[in-house]
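Visitor: Shown below is the structure under consideration.
The values are calculated or read from the model by the stated rules, or taken from the named source; none is laboratory data. Quantities reported herein were computed from a predicted structural model and do not represent experimental measurements. Cβ placement follows ideal geometry from the backbone for every residue including glycine, while neighbour counts extend to all protein chains displayed.
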Amino acid sequence: MPFFHPVATDAIEAVKAWIDEGAKNNGVFETDILPMFANAEAFGGDVPCTECHQSFRDPPSFNEVNLTSYEAIMKGAFSKTRAKDGMPIVVPFESEQSPLYTRLTRNRMPPGLDPGEEGNHPNILMLGRWIEQGAWCR
């Protein structure tokens, strides 16, 4: 999700409504929600979510989240160090507690800034300068 992309788009609101209505595996999910993850334009990116989030293995999915089916989405995220049995990304009826929704609205890059911040925010400028200087960590 691009940092400056709006957070109240039709696609994001559809995901929120689906979660808040119980995150059911029904016609709404199959026709309205699931196809968005395969659509590059749905959430404002250049590539579809499923380009990176297509399995639980490394590779082909480097993010250990599979957004290609209801079962996979409800299984959640896997991590070699944190959640070997899966970590839910959807909490039915609670979008604000669902990492899938919060990733679309709050957890953007650079972290710690509101998605609506201007491009000239000091933290963004400082991050840019650090990258321009080689992104050294000493």
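Visitor: Any chance the range 86-104 includes a residue that's assigned to a strand (DSSP E or B) and modelled with pLDDT of 65 or more?
Guide: Yes, the range 86-104 contains at least one residue that is assigned to a strand (DSSP E or B) and modelled with pLDDT of 65 or more.
Every residue, every condition in (1) at pLDDT below 95; (2) surrounded by fewer than 16 Cβ atoms within 10 Å (Cβ to Cβ), yes or no:
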| residue | (1), (2) |
| --- | --- |
| T9 | yes, yes |
| V15 | no, no |
| N26 | no, yes |
| T31 | no, yes |
| P60 | yes, yes |
| G76 | yes, no |
| R82 | yes, yes |
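Visitor: Which of (1) at positive phi; (2) crowded, with 17+ Cβ neighbours inside 10 Å is the odd one out, the single condition G22 does not satisfy?
Guide: (2)
Visitor: Could you tell me which of the residues P122, P115, P111 is surrounded by 14 or more Cβ atoms within 10 Å (Cβ to Cβ) and modelled with pLDDT under 80? Steps first, answer last, please.
Guide: On the way: P122 fails: surrounded by 14 or more Cβ atoms within 10 Å (Cβ to Cβ); P111 fails: surrounded by 14 or more Cβ atoms within 10 Å (Cβ to Cβ).
Every option except P115 fails the conditions.
Visitor: Here's something else I'd like to know. Do you know which residues across the range 33-50 are within 12 Å of L67 (Cβ to Cβ) and surrounded by fewer than 15 Cβ atoms within 10 Å (Cβ to Cβ)?
Guide: Once the filter is applied, which keeps residues that are within 12 Å of L67 (Cβ to Cβ) and surrounded by fewer than 15 Cβ atoms within 10 Å (Cβ to Cβ), the range 33-50 yields P35, A38, N39.
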